[in-house]
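Below: the structure, in structure tokens.
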Amino acid sequence: MTTAEQSSSQVKGLEAPQANHWLAVSAVALGTFLLVSAEQLPIGLLTSVGSALSVSEGTAGLMVTVPSLVAAFAAPLVPMLVRGMDRRILLLGLMALMTLSNVASAVAPNFGVLVASRVVVGVAIGGFWAVASGLAVRLVAAENVPKATAIIFGGVGAANVFGVPLGTLVGDFAGWRVAFAAVSALALVALVALLVVLPSLVASQPIRPRLLAEQFRNPGVRIGIIATIFIVFGHFSAYTFVSPALQKLSGIDEGYVGPLLFGFGVAGMIGNFVAGSALSRKVHRSVLAIALSLTVAMPLFVLLGRTTITGIILLIVWGLAYGGVSVGLQTWMIKAAPQAVEAASSLWVAVFNLSIGLGALVGGVIVDALSVQGVLWLGGACALVAALAIWSARSNESVR
């Protein structure tokens, strides 16, 4: 079954679009980029926010934990709760929430208000991405669905590799409040774009709890979920605190962290394209290689990243490896559940965000109680567990 056929089977009773809405596809991709960027923006701002609001770096990590945990629950719940609502109205409402919540973050007088604003960010992220993941078939003709899906998912991939470093650069030059305000302004631009170009989207069949539960009977989906949990949890337990790691382990000045995270982003984008090419040939082997690369990269940062040069080199290696995670795991889930892509994707989005939040939370505890080295060792250990799980699926034909 082709990607277009898979997508078409998920919107029973809906007519195919009469025209290709490429501007709408691009607007949705912009929306996903902004949402995921907003989720991860505080990673590069922990030190400055913590200093300004008098909280520790570990506590400041709640800015990442809270929206990720909320998004994990919002991803399946929002589509179930809104039922027959026009998806155009839903997406506009969620982007409006994103705009207002980042205004609240920018003007927050204390850390409590800042965290409360991040709760709203989590609702917008989970709900928007759960709906956006299945929109390609609603916006373009069947033969163009694979290309449109790649564009929409590209917004998430670009945010994973560029959102944090760009936000950090803005924070370094103009302050963390301006960084949040900038995200709000761009979210407003995305809201206007969606309002102008997104057509009416009558509701398809809603995701139901039973359909989500059925996915766990699929061994390929189970392995994909396990791999997602450990890779993402391990990565974000360490990457949330990459700024203090670069400063304390590699002796890099805080002012250079933003440019270095941008370099991490560039490396990640390269890794994304390399992984995409490899996945077209061998899914299992490619995802296993990604997990093994992360297994090595994070612990090596502790062992060899004690100088500026080695710290920079290992950060780039880490970025190259993580750049393939989103496209690799997304492809794995689609291959594992070709008849239930929307349900599997919704479940995957929930687990991915839950793992981000838990990883940042546990990482904060370890950094405060032990050291930043501890989260790097944890990240490597988690990637190893994921690699073992992926290796165990070597005989599963659906993900080969």
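The values are calculated or read from the model by the stated rules, or taken from the named source; none is laboratory data. Everything numeric here is computed off the predicted structure, so don't read it as measured data. A quick note on method: Cβ atoms are made from the backbone with ideal geometry, for glycine too, and the neighbour counts reach across all protein chains shown. Ligands, DNA and RNA are excluded from the accessible area calculation, which covers all protein heavy atoms including side chains. Shrake-Rupley method; radii C 1.70, N 1.55, O 1.52, S 1.80 Å.
One table, with the values for the structure above:
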{"item": "Summed residue charge, Cβ within 13 Å of residue 106's Cβ, Lys/Arg positive, Asp/Glu negative", "result": "+2"}
{"item": "FRET efficiency estimate (nearest 0.05) - Cβ-Cβ, residue 369 to residue 307, R0 22 angstrom", "result": "0.25"}
{"item": "Tail fraction, Cα-Cα pairs, the chain, threshold 31 Å, whole percent", "result": "32 percent"}
{"item": "For the chain: accessible area per residue (Å², 1.4 Å)", "result": "38 Å²"}
{"item": "Efficiency of FRET from Cβ geometry, residue 83 and residue 214, R₀ 25 Å, rounded to 0.05", "result": "0.80"}
{"item": "Net length gained if the chain between residue 119 and residue 73 were fully extended (0.36 nm per residue, minus Cα distance)", "result": "15.4 nm"}
{"item": "Kirkwood hydrodynamic radius over Cα pairs of the stretch 23-85, then Stokes diffusion coefficient at 37 °C and 0.692 mPa s, in µm²/s", "result": "240 µm²/s"}
{"item": "Mean projected area in nm² (Cα convex hull; one quarter of hull surface) for the stretch 222-289", "result": "5.4 nm²"}
{"item": "Between helix 62-82 and the chain: long-axis angle, C-alpha atoms, 0 to 90°, nearest 10", "result": "10 degrees"}
{"item": "On Cα atoms only, tilt of 372-391 relative to the major axis of the chain in degrees", "result": "30 degrees"}
{"item": "In Å², nearest 10: area of residue 208 left accessible to a 1.4 Å probe", "result": "130 Å²"}
{"item": "Length added when fully stretched, residue 174-residue 388, from 0.36 nm per residue minus Cα-Cα", "result": "72.6 nm"}
{"item": "Relative contact order for the stretch 58-121, counting Cα pairs under 8 Å that sit 6 or more residues apart, in percent", "result": "46 percent"}
{"item": "Base-10 log of normalised Debye intensity for the stretch 200-338 (one unit scatterer per alpha-carbon) at q = 0.09 Å⁻¹", "result": "-0.35"}
{"item": "Size descriptor, Kirkwood hydrodynamic radius, that averages inverse alpha-carbon separations across the stretch 164-250, Å", "result": "17.7 Å"}
{"item": "Cα-centre dipole for the chain with unit charges at Cβ (Lys and Arg positive, Asp and Glu negative), debye to 20", "result": "800 debye"}
{"item": "Reduced Cα scattering model of the stretch 51-98, Debye log10 I(q)/I(0), q = 0.17, 0.28, 0.32 Å⁻¹", "result": "-0.65, -1.06, -1.15"}
{"item": "Folded to 0 to 90 degrees: helix 22-40 orientation relative to the chain principal axis, Cα", "result": "30 degrees"}
{"item": "Rg/Rh for the stretch 335-375, where both radii come from Cα atoms and Rh is the Kirkwood radius", "result": "1.29"}
{"item": "Surface share of carbon and sulfur [accessible, 1.4 angstrom probe, percent] for the chain", "result": "69 percent"}
{"item": "In order through the stretch 299-304: 3J(HN,Hα) via Karplus (6.51 cos²θ - 1.76 cosθ + 1.60), integer Hz, x for Gly, Pro", "result": "x, 4, 4, 6, 6, 10"}
{"item": "Cα centroid of the stretch 197-252 to Cα centroid of the stretch 278-335, whole Å", "result": "16 Å"}
